[in-house]
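Before anything else, here's the structure in question.
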């Protein structure tokens, strides 16, 4: 069963606009959530994270929102830049093992 | 560069051969994780170490796979009698707290 789901395989936005990437999870034991960015033939690069005790975390152009009752998180990128074009993965973990369960990824294309 | 490093970056082998990959984590990180990623999917957990102890193995890790972290520093992942289905990107990550930092990966192609 897919415990972490990213239902949008791709997203295209115009430079300067907001990008919103979504992620849903099913396991209520998850207590830490992360977003990674990945370019082809490279490892995932950590972007931003959020603990389950918070509902928002912001770092520069990136903001992650967590809605625990809906088991949903989202990543907002504003303003979007062409260099943001990549595959974005959300991941969830529980603090016991720390192992990450990843979604399938969303390919973001930011058009100049 | 003090990030996670992996060696080799690419490996092409024939079916039935054994391969070994190495991961050097960030030096102060006590946890080390191995993941596998196939095309169009997110990384999937294989196993993890806390210091030198291997604490969990996924059911994805068949008995042909073995991982070690002998001194709690670098780790090796060995695949014996490789099969074409083993072709994937093998990723290593390390952490001290909750956030894992990934290496560049080893891309394996089994012919």
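How about region B:1-31: which of its residues are more than 12 Å from chain A (Cβ to nearest Cβ), assigned to a strand (DSSP E or B) and more than 14 Å from residue B:100 (Cα to Cα)?
Within region B:1-31, B:7, B:11, B:12, B:13, B:19, B:20, B:21, B:22 meet the criteria.
Every residue in region A:41-67 that is without any contact (Cβ under 8 Å) to a residue 40 or more places away in the chain and assigned to a loop (DSSP other than H, G, I, E, B), please.
Within region A:41-67, A:41, A:42, A:43, A:52, A:53, A:54, A:55, A:60, A:61 meet the criteria.
So, one more: Would you pick out the residues in region B:32-44 that are part of a strand (DSSP E or B) and either surrounded by fewer than 21 Cβ atoms within 10 Å (Cβ to Cβ) or at positive phi (or both)?
Kept after step one, since they are part of a strand (DSSP E or B), are these residues of region B:32-44: B:32-37, B:44.
Once the filter is applied, which keeps residues that are part of a strand (DSSP E or B) and either surrounded by fewer than 21 Cβ atoms within 10 Å (Cβ to Cβ) or at positive phi (or both), region B:32-44 yields only B:44.
Would you confirm, using the coordinates I've provided, whether residue B:59 is surrounded by fewer than 16 Cβ atoms within 10 Å (Cβ to Cβ) and modelled with pLDDT of 95 or more?
The answer is no for residue B:59.
Can you pull out the strands (runs of 3 or more DSSP E) entirely within region B:54-111 that have at least 2 residues that are within 17 Å of residue A:38 (Cβ to Cβ)?
Per the criteria, B:88-95, B:106-110.
Let me ask something else. Which number in (1) modelled with pLDDT of 95 or more; (2) more than 14 Å from chain B (Cβ to nearest Cβ); (3) surrounded by fewer than 21 Cβ atoms within 10 Å (Cβ to Cβ) marks the one condition that residue A:19 misses?
(3)
Restricting the search to region A:28-50, which residues are over 18 Å from residue A:85 (Cβ atoms) and more than 8 Å from chain B (Cβ to nearest Cβ)?
A:28, A:29, A:30, A:31, A:33, A:50
When residue A:80 is evaluated against the numbered criteria (1) in a loop (DSSP other than H, G, I, E, B); (2) within 14 Å of chain B (Cβ to nearest Cβ); (3) touching a residue at least 60 places away in the same chain (Cβ under 8 Å); (4) surrounded by 19 or more Cβ atoms within 10 Å (Cβ to Cβ), which criterion, by number, is the only one it fails?
The number of the failed condition is (2).
Of the residues B:47, B:82, which single one is more than 14 Å from every other protein chain (Cβ to nearest Cβ) and either modelled with pLDDT of 95 or more or at negative phi (or both)?
Details: B:47 fails: more than 14 Å from every other protein chain (Cβ to nearest Cβ).
Going through B:47, B:82 in turn, just one is more than 14 Å from every other protein chain (Cβ to nearest Cβ) and either modelled with pLDDT of 95 or more or at negative phi (or both): B:82.
For the condition more than 18 Å from residue B:105 (Cα to Cα), away from chain B (no Cβ under 14 Å), surrounded by fewer than 17 Cβ atoms within 10 Å (Cβ to Cβ) and within 13 Å of the chain's Cα centre (by Cα), what is the one hit in A:69, A:74?
From the options A:69, A:74, the qualifying one is A:74.
The values are calculated or read from the model by the stated rules, or taken from the named source; none is laboratory data. Every value quoted in this text rests on a predicted model; they were computed, and no experiment measured them. So basically every Cβ, Gly included, is an ideal-geometry build from the backbone, and we count neighbours across all protein chains shown.
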